[in-house]
1. Please list, in order along segment 632-641, the HN-Hα scalar couplings obtained from phi with the Karplus expression 6.51 cos²θ - 1.76 cosθ + 1.60 (θ = phi - 60°), rounded to whole Hz, x for Gly and Pro.
2. Please report, in whole Å³, the volume per residue of the convex hull around the C-alpha atoms of the chain.
3. On average over all directions, what projected area in square nanometres does segment 447-540 have, based on the convex hull of its Cα atoms?
4. If you take all C-alpha pairs in segment 592-663, what percent of them are over 16 Å apart?
5. Once you charge only the Cβ atoms, +1 for Lys and Arg and -1 for Asp and Glu, what is the size of the charge dipole of segment 112-211 about its Cα centre, to the nearest 20 debye?
6. Once phi is turned into ³J(HN,Hα) by the Karplus curve 6.51 cos²θ - 1.76 cosθ + 1.60 with θ = phi - 60°, what whole-Hz value does each residue of segment 181-188 show in order, with x for glycine and proline?
7. Grab the DSSP H runs of the chain that are 4 residues or longer, score each as -39,500 (n - 2.57), total them, divide by all residues and round the 222 nm result to the nearest 500 deg cm²/dmol.
8. According to the square roots a ≥ b ≥ c of the eigenvalues of the Cα gyration tensor, what is the shape class of segment 376-530, taking rounded for a/c under 1.5, prolate for a/b larger than b/c otherwise, and oblate for the remainder?
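The values are calculated or read from the model by the stated rules, or taken from the named source; none is laboratory data. Only a predicted model underlies this, so the values are computations on that prediction, with no experimental measurement involved. Ideal geometry is used to build each Cβ from the backbone, glycine not excepted, and the neighbour counts take in all protein chains shown. Only protein heavy atoms, including side chains, enter the accessible area calculation; ligands, DNA and RNA are left aside. Shrake-Rupley method; radii C 1.70, N 1.55, O 1.52, S 1.80 Å.
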Amino acid sequence: MNRIHIVSNRLPVNINIENDIIELIPSVGGLATGMRSVYKEYNGKWIGWPGLPSDDLDEELTGRIEQKLIEEDCVPVHLSKQEIDLYYDGFSNRTIWPLFHYFAQFIDYDHELWDAFVSVNQKFADKALETLEEGDTIWIHDYQLLLVPEMIKSKKPDVTVGFFLHIPFPSFEVFRILPWRKELIQGMLGADLIGFHTFDYQRHFCSSVRRLMGYEISFNQIHIEDRIILVDSFPMGIDYNKFRDASTQIFQRPLQEKSELHRELEKYFLISPNRKLILSIDRMDYSKGIPNRLRAFSRFLEDYPEFIGKVTLIMLAVPSRGTVEQYINLKREVDELVGTVNGKFGSINYTPVWYFYRSLPFENLIELYSSCDVALVTPVRDGMNLVAKEYVASRTNSTGVIILSEMAGVAKEMGEAIIINPNNTKEIADAINQALIMPLDEQRERMSFLQDRIKRYDVFKWSSEFVKSLKKVEKIQNSFYAKKINSKIMDKLTAKYKSAEKRSIFLDYDGTLAGFKTNPNDAKPNAELHEILYKLEEDPRNVITIISGRDRDSLEKWFEGHKINLIVEHGVWLRKYQKEWKMLSNASDVWKPNIRPTLETFVDQTPGSFIEEKNYSLVWHFRKAEPEQGELRANELRDELTTMIANHNLEILEGNKVIEVKSGGINKGIAAMQFLKNQNFDFILAIGDDWTDEYMFRELPESAHTIKVGLKNTAAKYKVESVASVRKLLLDLTK
Ligand code: ADP
Ligand code: G6P
C-alpha cells in the first residue's frame, strides 16, 4: 500500500488571518486531535476545509494560504459563505448531527440543504480524485462526507476506500426518519471498509443496510452486486504518551515557566488544601449534556451540603457551531444555569462553578486534567468521547475518578469508571459524592486498569488496525476478482465450446437464469430468457438441463415447448426431453409429519414467511418477512432442525432466504453425475448461484466449466456478477 490520503470536513488546522498575517490554529474535536497524531505516518495529504469562508479571499491570499497548508501536507477545499451555511451549518449540523445523536426534534428537513450537501460532497470528492495517484488509498472521515466514498468509487473503482464514522450511527427506527436515508447509505457503501467506534453503531448500520437495500450480510461482510464491503468496529484511542509525557513535564517545570493558569491552580490549593476540583470539558454542544451536569452539580450541593465551599466545578466549553440556533440557545441556557448555581451556593470566598467559554492551549488542558480530582463526563449521546481518555492518560500518579455517561461510546471500554445515566440527576449527584470520598487505593486500582487499556489501544494502534483491515479487504476483493470471467477466460471458454461435439449444459434457475421475486411464482421466464434458450437448443450438439430446487409443476409448465431436460427438487426427479418423470434416488417423505409442525410454528411467529411443500422436501421461505426478523428466525430454525434431524436420513439446505429440509442422499451433484453416466460429453458447463449448486461444482469432473453467480466463496472455477451476465454469456456462446 502506498500513500493514504485523509479526507475530512475540517483540516487539523484552522486558518486565522489577522492584519494580513496567516495563522494556523489547531482544530478542536475528537477527529482532529486523534488523526493529527497519525496522519503523517501515511505520507499522504489531508484534504479538508480550512475553516473560513472563501468569499473574502483574493487570489494572492488564497495562494499564500495554500502554500502554508501544503507545508503541513494539507490540501484545502474552499467553501463559500453560502456553502458553509447550507452544507456545514445546514445539512451536516442541522440535519445529520441531531438525527445521529437522537435529537429528532432538532432536525431540519430542507431540500435546499440536501442539494448543497450533495454538491459540496462532490467538491471534496473532486479534490480527492485530483490528489490521488496510482496505488494510493483514501480514508474518508465522518458524517459531513457520507456521500464521498461512492463519489470516489464510481469514478475510480480500483482505489481502496476506507470510511470511519466518528459519531454514533442511530438505530434504524431513528435513521429511517430521514427522507434521504437511502442516498446516505448508498454513499457510505462506496467504501471498501466502513468503521465505527462501537459494535452497537456497526449493528445499527448493518440493520439499515439490510432493511433499506436488502443486501445480504454475513458476519461483517456486506455483499453488494460486484463487491464485498467489510464493516467493523475500531474504538478510537488517543495519543497516550503525548498526554502522559506532557503531564509529567508540567509538574517538573520551575515556577517562572509555569503558565498563569497553573500558578493560579497552585495558589488555590495552597490557600485551601482540602478543596476538591471537578473537571468538565467539551465543545459547547447539546449532545454533551452540559445543562444536565450543572443541574446534577446543583443537586449534589443540595444533597451533600457539607461540600459547599469545598468543591469547585471547572467547566470548560469550547465555542462550537455558534451560528446554529440550537447551539445559541444552549449557550444561553448554560450561561443562565451557571449564574443560578453560583448565585445559589456561592459566597465572597467561594465560586462553585468556574466557567470558561473558550478554547485553551494544549498545555492548559493538561494542567486541568492533572489537577482535578474528578472528571465529570455526562453526554446524552457521544460517538466516543476522547476527553475521558485524555483525563486517564494525564493522571501520572494514577489517582482521580471518572464519572461517565453510559451513552458515550467510551463507556464500553471504561467499566472501571462510575457509570451513570445522564438523565438521572440524583444518580449523578450521588456519583459525585462517591467519587469525592473514594479511598485513594480504590482510585489507583480503578485508574491503573483504565490506563493499561487506554495505553495499549492508543490512536496509533487504532489507525494501524484500520489500515490493516483495509489491506485485508483489498485481499478479499482481489480473491473475488481473481475468478471473475474476463475477456481472456471468455475467449478460451468459447473456443472449447465451439470445438466440442457433445455438450452438457446444467443451468440452475432462480438466481441464475432469473432474478429472485418476493413471490417465487412470479419468477417465470421472460421473453428474453426464452429467446436465449431457443438459440442454445437450435444447436443439436447441446444437451440442456435445468437443475433446480423447485418442484416439478412450475418448471414443467414454464419450459413447455423447449428442448430441455429438467432435474428438480435438488435431484430427486429427472424428466428428459419428451420422456416421463423418473425418480433419481430413493427419497422418502415419511418424516414430513414430524417436521411440518415446527415449520408451522415458525410461520406463525414470523409474519410474511410461508411453507412450500415439495414431494420430498419442506421449505420455509422468509423472503417476504421483515429482513432482520427473518434472519433471526432462520438462525433459530436452523438450530432446532439440526437437533431434530440427527440420526435421520435428512438434510438441511440453506438457500437464498429459504431453509429447506429434504430427504438425504440427494443433491444436485449426485443428480448431475447420474445424468452424465454412460454419455460421452466433451464439454460440460454448469452455472448456479446457490449453496446447493456447490454440490454440482464439486462433483462434476475436473474438466467441467463451473461458474458461480455472485461474489461468495465457491468451489466453482469462475464467477460472474449477475443474472444479466449469465444471460449475456449464454448468448455470446451461441454467436
Ligand atoms: P468531540 O469530538 O465531540 O468534540 P471528544 O471528547 O471526542 O468530543 O473530543 C474533544 C477534543 O477536543 C479532545 O481531544 C479535547 O482535548 C479537545 N478539547 C476539548 N475542549 C477543549 C478546549 N477548551 N480547548 C482545547 N481543546 C479542547
Ligand atoms: C466532532 C465531529 C468532528 C468535528 C468535531 C468538531 O468530533 O465528529 O467531525 O470536526 O466534532 O466540530 P466542528 O463542527 O467544529 O468541526
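1. These are the phi-based 3J(HN,Hα) values: 4, 5, 4, 4, 5, 5, 4, 4, 5, 5 Hz.
2. Hull volume normalised by residue count: 196 Å³.
3. Averaging across all directions leaves 12.4 nm² for the Cα convex hull.
4. 39 percent
5. The calculated dipole for segment 112-211 is roughly 480 debye.
6. 4, 5, 4, 5, 5, 4, x, 5
7. Only helices count here, giving -13000 deg cm²/dmol.
8. Prolate is the answer for segment 376-530, as a/c is 1.5 or above and a/b outweighs b/c.
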